[in-house]
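Just so it is clear, none of the values below were taken in a lab; they were calculated from the coordinates. Everything numeric here is computed off the predicted structure, so don't read it as measured data. As a convention, Cβ positions derive from the backbone with ideal geometry for all residues, glycine included, and neighbour counts pool all protein chains shown.
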Amino acid sequence: MSSPEKLLDSTTFLLTVSFQLVTPILPVYLHEVLKASKQEVGVIISLAAIASALSRTPSSFWSMRRNTIRILVFGVTLNSIALFGYAVSINPWMLALFRILHGVSFALNYTLMLSLASLIVRPDRAHSSITAYTSSLAMGLWIGPAIGVMLSSMISLRLLMLSAALISLTAIASGILFLRTKPELWGEIYYSKAGIIETLESLLRKPIMIPTLIYLLYSMVIGALLAYGPLKAKIYFGIPDYLIILIFTIYYLIVFILRTILSRSAHAILNVRLLYLALSSCAIGVLMAGLSQSVPFFVIGVYLVAIAHGLTFPLTALIVAHIIPASLRIIGNALYLTSWDIGNLLGPVLVALLLSLTNLSTALALISLSAASALFLVGKIIRLIG
C-alpha cells in the first residue's frame, strides 16, 4: 500500500474514532445532562443527517472543481469544532447547532474519503482500496467506543465529549500529512467542467438508484437503533453508561471483523446472497431489540443489526463503484451517500413520531419494516453486476 493510501486510511480511522467515542452515549448525554426529552433526542440526533443530506451534493460539485484534499482537511477540522461544541453546550438546542455543523463535516469527509479511496489508485486496484478504506472506517467505529468505555468509568459525560474533541485533532494532523504527499488522482477527468445539470443527467442515466434505495432503507434502521437503542438500554434496563458504550463497542467490533473478512475476499464481494443475509439480519435484529423484555434478548438483536452494518455498506458501495464511471465517481458517491443521510434522518424522526402513539419498544420494532422492504429490491441488483 502506498503512503497516500496509508495516510488516507489513517485519517479515516482517527476521524471516526473521535466522534464514535461519543456517538453511542450522545443520546444519554442529551437526555440526562442537557435535559432533552425523548422526542427532542430523536430530532437533535437526526439534525446531522439533515445537514449532511442538504450539503453533500453541492459540496461534491465544489470538490470536483477545487483541490479535493484541501477540502477534506477543512471537513476534518469542522469535525473537531463540532465535538468541542458538544462539550461546551449548556442546553439541547445549543448542541443542536453543533450537530448541524457535524452533519456538514460528515458530508464533506465521507464523500471525499470514499471517492479518494478509488481515485488515488489504478482502476484495477479500486476494489481492494475501497475495501481497505471500509475496514479502516470499521476499525474506528469500534475503537472509538472502546476508548469511551475506559474513559466513561473515570470522567463525566461532558469531559468525555471534550476528550473526543482532543482526539479529533490527530485526524487533522493526519489529513495535513496526506495533503503534503500530493497524491495524483487517476486522470484529470475528475475535474470536468461540465455543468451541474449536464453532470446529473449523465449520472442518472446510470442505474445507481437501486443500490442507493437499498442503502436508504437499511440506513433508517441504523439511524433509529443508534438514536434510541442507548435510551432503551438506560430507561428500560437501567444499564450503566459504561456498559451501554461497551455494548456498542462490541457492535462495532462485529462490523470491523466482517469488513475485514470482506476486504480479503474481493472476488466474492459482489455476492448478492450476502446482501440478502445482511438485510434479513437487519430486519430481525431491530425487531428483537425493540420488543425485548430482557437484556440478553436486546443485546442479541443489536448484534444482528451489527451484522448488517458490517456487510451492507461495503457491498452497496462496491456495486455503485462498479456501475459508475470514474469521471462521475465523486458526485455519484455523493448521491449514494445522501441516502445514508436521509435514512439517518427518517429513522429517528419516525420513531419520535411513533412515540406519540405507542411506547419506545413498539416504535423501535416497527422500523424493521424498512429493512424488510429493502429485501424486495435485492433481486434487481443481479442485473446491475451481471
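Whole-Hz ³J(HN,Hα) for each residue in region 245-252, computed from phi via Karplus 6.51 cos²θ - 1.76 cosθ + 1.60 with θ = phi - 60°, x for glycine and proline: what do you get?
Residue by residue, region 245-252 yields 5, 4, 4, 7, 5, 5, 3, 6 Hz.
How many percent of Cα pairs in region 242-386 exceed 19 Å? Write out the running numbers ahead of the final one.
On the way: 6117 of 10440 pairs.
Considering region 242-386, 59 percent of its Cα-Cα pairs are separated by more than 19 Å.
Nearest 500 deg cm²/dmol is fine: what mean residue ellipticity at 222 nm does the chain get from its DSSP H runs of n ≥ 4 alone, each adding -39,500 (n - 2.57), divided by its residue count?
Values: 15 runs with 299 residues, N = 386.
Value at 222 nm, helices only: -26500 deg cm²/dmol.
Number of Lys pairs in the chain with C-alpha atoms less than 23 angstrom apart, excluding same-chain neighbours closer than eight positions? Intermediate results must be reported in sequence, preceding the final value.
Numbers: K6/K182; K35/K232; K35/K234; K38/K232; K38/K234; K182/K193; K193/K206; K206/K380.
Number of lysine pairs found: 8.
Cut-off is 10 Å between beta-carbons; in what order do F248, F298, F376 appear when sorted fewest neighbours first? Each step should come with its number before you reach the end.
On the way: F248 28, F298 23, F376 11.
The most exposed by this proxy come first: F376, F298, F248.
Pick out, from V255, L95, I208, the residue whose Cα sits farthest towards the positive end of the charge dipole of the chain, with +1 on the Cβ of Lys and Arg and -1 on the Cβ of Asp and Glu.
Farthest along the dipole direction, towards plus: I208.
Among S55, S174, S153, which one shows the biggest mean-square fluctuation in a GNM of the chain, springs joining Cα atoms closer than 10 Å?
S153
Given just the C-alpha atoms of the chain, how large is their convex hull per residue in cubic angstrom?
On the way: hull volume 45.5 nm³, N = 386.
It comes to 118 Å³ per residue, whole-number rounded.
Give the distance, in whole Å, between the Cα centre of region 131-183 and the Cα centre of region 221-248.
With region 131-183 and region 221-248 each reduced to a Cα centre, they are spaced 21 Å.
Under the Karplus relation 6.51 cos²θ - 1.76 cosθ + 1.60, θ = phi - 60°, what is the ordered set of whole-Hz ³J(HN,Hα) values for region 280-293, x standing for Gly and Pro?
My calculation for region 280-293 gives 5, 4, 4, 5, 5, x, 6, 5, 5, 4, x, 8, 4, 10 Hz in order.
Among L315, L354, L335, determine the one that fluctuates most according to a GNM of the chain built with springs between C-alpha atoms less than 10 Å apart.
Among L315, L354, L335, the largest GNM mean-square fluctuation belongs to L354.
For the chain, find the longest principal axis of its Cα atoms and tell me its angle to the long axis of helix 209-235, 0 to 90°, nearest 10.
That helix lies at roughly 30 degrees to the long axis.
Compute the helix-to-body angle for 3-20: its Cα long axis versus the longest principal axis of the chain, expressed 0 to 90° and rounded to tens.
The angle comes out near 20 degrees.
Between L225, L357, L162, which gets the highest mean-square fluctuation from a Gaussian network model of the chain, Cα cutoff 10 Å?
L357
What Rg and what Dmax come out for region 86-150 when only alpha-carbon atoms are used, in angstroms?
Looking at region 86-150, its Cα Rg and Dmax stand at 16.1, 51 Å.
Would you mind pulling out the separation of the Cα centroids of region 306-374 and region 1-21, in Å?
23 Å
Which whole-number value in Å³ per residue fits the convex hull of the alpha carbons of region 1-138? Each step should come with its number before you reach the end.
Working: hull volume 14.2 nm³, N = 138.
Output value, Cα hull per residue: 103 Å³.
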